[in-house]
Structure formats: structure tokens, C-alpha cells
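Notes follow the structure.
Please treat every number below as a calculation from the coordinates, not as lab data. For clarity, every value in this text was computed on a predicted model and none was experimentally measured. As a convention, Cβ positions derive from the backbone with ideal geometry for all residues, glycine included, and neighbour counts pool all protein chains shown.
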């Protein structure tokens with residue numbers, strides 16, 4: 001019986017160790033940057049090409065704003081970023097110095113594009 005009790009204790013310890021280590025394995029260091037694109041009157045601007053660039057490494061990725069004018073970059077490593085927006089019939093826009101801490105969400109809010117030629 002001593003052998004059976006020892007095995008139960010061992011499995012209990014192993015189970016508790018696995019249970020307690022689960023949350024630490026699930027932690028992430030990447031974050032999210034999002035925003036919404038509008039024109040000067042507040043109307044939604046869909047299909048805007050949005051480029052996210054790390055200001056230190058110069059690595060970049062692109063996405064396109066959805067029909068609601070919203071864009072999201074997920075799994076973004078911590079750092080300082082610039083966000084550039086381009087759409088036909090609008091002037092380009094750029095935000096620099098967007099700081100993303102580890103495991104954070106940075107909503108840029110509403111970004112308004114001025115009407116005019118793409119620059």
C-alpha cells in the first residue's frame with residue numbers, strides 16, 4: 001500500500017505542477033495596433049492600405065482596412081512603430097512614434113485622411 005500511496009502523491013505533484021505552469025506558458029509578449037480610417041466629414045474610408053513599420057528594424061507589414069474602415073495588426077512585437085495610410089483620392093497620412101509595450105493593445109482611434117491626390 002505504501003507504493004500505491006507514493007504513486008498517488010507523485011501523480012498529484014505532477015498534475016499540480018502542470019496545472020500551475022499552464023498560465024505562464026500562455027503568456028505572450030506581442031501586442032496589437034488598431035485604428036479606424038475616416039474622411040474629413042467623418043465618413044468611413046474602406047480599402048485603405050495600411051503599413052506598419054518598426055522604426056528601429058525597418059521591418060514592415062501591410063493590411064487593408066475593412067468595409068468599416070477598421071484595421072488591426074496582431075502579434076506585433078514590442079517596439080516603436082510608424083503607421084502609414086494610403087487610399088485612392090486621398091492624401092497619404094503617417095503617424096510616427098507609436099509605442100507598443102509588451103502584451104499591450106494600442107488603439108490609434110480615428111485617423112482622418114484629407115481629400116486630394118495620393119502623395
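Please determine whether any residue of region 34-41 is in contact (Cβ under 8 Å) with a residue 40 or more places away in the chain, farther than 20 Å from residue 88 by Cα, under 12 Å from the mean Cα position of the chain (by Cα) and buried (at least 19 other Cβ atoms within 10 Å of the Cβ). Talk me through it step by step, then tell me what you get.
As a first pass, look at region 34-41 and keep what is in contact (Cβ under 8 Å) with a residue 40 or more places away in the chain: 34-40.
So of that shortlist, the ones also farther than 20 Å from residue 88 by Cα come out as 34.
Going one step further and asking which of them are under 12 Å from the mean Cα position of the chain (by Cα), we end up with 34.
The next check asks that each one be buried (at least 19 other Cβ atoms within 10 Å of the Cβ); those that pass are none.
No, the conditions are met nowhere in region 34-41.
Can you tell me how many residues within region 45-84 are part of a loop (DSSP other than H, G, I, E, B), free of Cβ contacts under 8 Å to residues at least 40 places away in the same chain and within 14 Å of residue 112 (Cα to Cα)?
Quick first cut of region 45-84, residues part of a loop (DSSP other than H, G, I, E, B) only: 45-48, 55-59, 65-69, 77-78.
Narrowing the set further to residues that are free of Cβ contacts under 8 Å to residues at least 40 places away in the same chain leaves 46, 56-59, 65-69.
The next check asks that each one be within 14 Å of residue 112 (Cα to Cα); those that pass are 46, 65, 68-69.
Number satisfying all stated conditions: 4.
Right, residue 101: within 11 Å of the chain's Cα centre (by Cα), closer than 16 Å to residue 65 by Cα and in contact (Cβ under 8 Å) with a residue 60 or more places away in the chain or not?
Working: within 11 Å of the chain's Cα centre (by Cα): yes; closer than 16 Å to residue 65 by Cα: no; in contact (Cβ under 8 Å) with a residue 60 or more places away in the chain: yes.
In short, no.
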